[in-house]
Amino acid sequence: MRSLGLAAGLLLAGCAATTAQTFPKPPSADAMVSQAGERPVPASPPAGQQWLYGSAEGAVASAQVYRSLAAYVRAIAISAAPHRQVVLAEGSTLAAPRFDDCGDKPLAAVFDADETLIWNLGAMRYFAEQHKDFDPATWDRWEKTGAGKAVAMPGVTDAIAVMRSAGVTVIVNTNRTAANAKGSEDTLRAAGLGEFKHGETLFLMGDTPDGASKDGRRALIASRYCVIAMGGDQLGDFAQGFNARELSVADRKMLATGEPIAGLWGRGWFLLPNPVYGPSIRGGFDDIFPSDKQWEPN
C-alpha cells in the first residue's frame, strides 16, 4: 500500500506540472524521494536475500544440509557405541577442544532458530522495503507478532521428524529474547515445527548471564542432555570463540577450516548458508582477495 500511495503522489505531481505536455522521463527508483523525505520501495530485494529466500540454489543448499544432518543424527542415535557431546567441554577452547562423555543423558540436537530452522520472510521483506539492515525495535515487534509470517526452511520438517522418531530431543538455542518467549514459541509452532517450551526445549538470550553469547546456554543444555549434533548459520552457533574481537577475517577462517575444528563439520556440526547478515559479512578487498592474486587485463 505504501508503494501505491507514493506512486499516486508522484503521478499527481507530474500531472500538475505538465498539463497538455509530454510527460518527462520518470526518475530512477534510487533518485525518487517523496516530499516527506521517504525513500521508495526498491525494485527488488538485496542480492543476498534473493539468493537465500528465493533461489532454487538456496532451497537445495538448505535441504541438502538437513538431509545429511538427519541421517547423521539417526545413525548416532541407533549406534551402540558410547555417545559424546559435540558441545565444547567447559574450559576447553577451539584451539584445544575437548568433548565430554555423555553417560546416560538423553540425546538431543541443538539448533539456532533464525535462518537455521526458519526463514524470517515477513521481517526481512519489511527491512528490505524500508532500506534497513536491522532495527532493534522492529525486531522486538517481530519476535512478538511474527507467528505465521516465518516459514520452515527446506528440509527442516522432515529432518525434525527423523530425529524425533529416533528418540532425539530437538532443542532451539537462539538470540531471540527471553522476554518474548511466547512469540517465539508461537512462531516455531506456526511454521510447522511442533511444540517448543521456554526453559525446556527453547533457550533464549537472557536465560544465562552471558548475553548474546550462546556458550552459557549450550553448557546448560549439555548438563541435561547429550548433544550429538548442532546446526546454525553463524559460527557463534557452535562456539563463541569464533566471534572473538581480535580475530581478523583470515584468522577466523583459518580457525574454522583448519585442524582440529575442520573434522567437526558434517560430523556433529552443521552450517547453513546465510549471505544476508551476521559476522561473516565483513572484510575489505585485502581481507577477501590475496594480494598475490591481483590481476589486470594488460
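Every number here is computed from the coordinates shown, using simple stated rules; none is lab data. Being a predicted model, the structure only gives us computed values, none of them experimental. When we count neighbours, we look across all protein chains shown, and the Cβ atoms used for this are built from the backbone with ideal geometry, even at glycine.
Taking 0.36 nm per residue of separation and subtracting the Cα-Cα distance, full extension of the segment from Thr93 to Ala43 would add 13.4 nm. What the phi angles of the stretch 150-159 give under the Karplus curve with 6.51, -1.76 and 1.60, with θ = phi - 60°, is a coupling list of 10, 10, 5, 5, x, x, 5, 5, 5, 5 Hz, glycine and proline written as x. Relative to the longest principal axis of the Cα atoms of the chain, the long axis of helix 215-224 makes an angle of roughly 40 degrees.
Would you please calculate the Kirkwood hydrodynamic radius of the stretch 105-211 over all C-alpha pairs and express it in Å, rounded to one decimal?
This gives a value of 14.3 Å.
Each residue of the stretch 162-169 is assigned a 3J(HN,Hα), and the resulting list reads 4, 5, 5, 5, 8, x, 9, 7 Hz, derived from the Karplus form 6.51 cos²θ - 1.76 cosθ + 1.60 (θ = phi - 60°), x at Gly and Pro.
Using only helices, what value at 222 nm comes out for the chain when you add -39,500 (n - 2.57) per DSSP H run of length 4 or more and divide by the total residues, to the nearest 500 deg cm²/dmol? Present the calculation step by step, with values, prior to reporting the outcome.
Numbers: 9 runs with 101 residues, N = 298.
Counting only the DSSP helices, I get -10500 deg cm²/dmol.
Three semi-axes describe the equivalent ellipsoid of the chain; taken as square roots of 5 times the Cα gyration tensor eigenvalues and ordered largest first, they are 42, 24, 17 Å.
Based on the Stokes-Einstein relation at 10 °C and a viscosity of 1.306 mPa s, and on the Kirkwood radius from alpha carbon pairs, the stretch 231-298 is assigned a translational diffusion coefficient of 117 µm²/s. Taking Lys and Arg as +1 and Asp and Glu as -1, the other residues whose beta-carbon sits under 12 Å from that of Arg67 total 0.
Partners of Lys182 within straight-line reach, counting lysines whose Cα lies under 25 Å from its Cα and excluding those fewer than 8 residues away in the same chain: Lys144, Lys149, Lys197, Lys214. With contacts taken as Cα pairs under 8 Å and at least 6 residues apart, the chain reaches a relative contact order of 22 percent.
Each of Gly232, Gly183, Pro275 was scored by the projection of its Cα onto the charge dipole of the stretch 181-298, and the greatest displacement toward the positive side belongs to Gly183; charges sit on the C-beta of Lys, Arg, Asp and Glu. Give the range of the longest stretch in the chain that excludes all chymotrypsin sites (Phe, Trp or Tyr not before Pro) found in loop regions by DSSP and having at most 13 other beta-carbon atoms within 10 Å. It runs 135-294. Spin-label pair Ala219-Ala250: with each label point 7 Å from Cα along the Cα-Cβ axis, the two points sit 3.3 nm from one another.
Amide H contacts for Phe203 (H built 1.01 Å from N in the peptide plane; partners 5 or more residues away or on another chain; cut-off under 5 Å): Val172, Asn173, Thr174.
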